[in-house]
Amino acid sequence: MSPPTATSAPNRRECPPAAAVDRIVEVFESLTPEAVAQLGAIYTEHAHFKDPFNDIRGLVAIQGVFRHMYEALMEPRFVVTRRVVDGAHCFLVWEFHFRFRRFRGDVDQCICGTSHLQLAPDGRILDHRDYWDAAEELYEKLPLIGPLMRWLRQRAAH
């Protein structure tokens, strides 16, 4: 049996995609550790989330990813720089700003990426897929493997 959809949830009304995306962007840009518990306002109970490190399903698991982000990083925050909405699909272009907690905590970091969101009729996220280059945006910044990753990139370039 498939999981219930957002339309089967009581007290949920259809939401125009543009208004839903405005709400989603506001939540991401103002997210705090305390607000992670409220992510059900923008994710369905059985939402799917995938990024270079995770491939998970369910609101509780998604909340776990964001809780871990606050445990592992200092001052993480998202800045959405562009959005494209086409019906129930949305692409967000974003910058993720943070500092590493365990090393170089004095250096501001930024990862640039994009998210493809598929929205339920009530405007919450059914499917969230993040696209970003983990090698360039993260691994090259790490002290032990960074030099190796930069060397491999230079060798692969023509």
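The values are calculated or read from the model by the stated rules, or taken from the named source; none is laboratory data. Not measured: the values here are computed from a predicted model. Neighbour counts run over all protein chains shown; Cβ positions are idealised from the backbone, glycine included.
Worth a mention:
- Selection of segment 52-71 for residues being among the aliphatic types (A, V, I, L, M), part of a helix (DSSP H, G or I) and in contact with a strand residue (DSSP E or B) (Cβ under 8 Å, 6 or more places away or on another chain) yields Leu59, Ala61, Ile62, Val65, Met69.
- For segment 78-114, taking the residues that are out of contact with any Ser or Thr (no Cβ under 7 Å at 6 or more places or on another chain) and of a type in the set (Phe, Trp, Tyr), the one that is surrounded by the fewest Cβ atoms within 10 Å (Cβ to Cβ) is identified as Phe103.
- Of everything in segment 1-53 that is of a type in the set (S, T, N, Q), farther than 12 Å from Leu126 by Cα and modelled with pLDDT under 95, the residue that is surrounded by the most Cβ atoms within 10 Å (Cβ to Cβ) is Ser8.
- Residues that are assigned to a strand (DSSP E or B) and of a type in the set (A, V, I, L, M) were ranked within segment 115-135; the one that is surrounded by the most Cβ atoms within 10 Å (Cβ to Cβ) is Leu117.
- Leu92 vs. criteria touching a helix residue (DSSP H, G or I) at 6+ places or on another chain (Cβ under 8 Å), in contact (Cβ under 8 Å) with a residue 12 or more places away in the chain and among the aliphatic types (A, V, I, L, M): yes
- Every pair of residues 6+ apart whose Cβ atoms lie under 7 Å, when the first sits in segment 63-85 and is under 15 Å from Asp130 (Cβ atoms) while the second is surrounded by 13 or more Cβ atoms within 10 Å (Cβ to Cβ) and among the polar types (S, T, N, Q): Val65/Asn54
- Looking only at residues in segment 94-147 that are basic (Lys, Arg) and at pLDDT 80 or above, the one that is nearest to Thr81 (Cα to Cα) is Arg129.
- Count - residues of segment 54-65 that are surrounded by 13 or more Cβ atoms within 10 Å (Cβ to Cβ) and either under 16 Å from Asp127 (Cβ atoms) or among the basic types (Lys, Arg) (or both): 8
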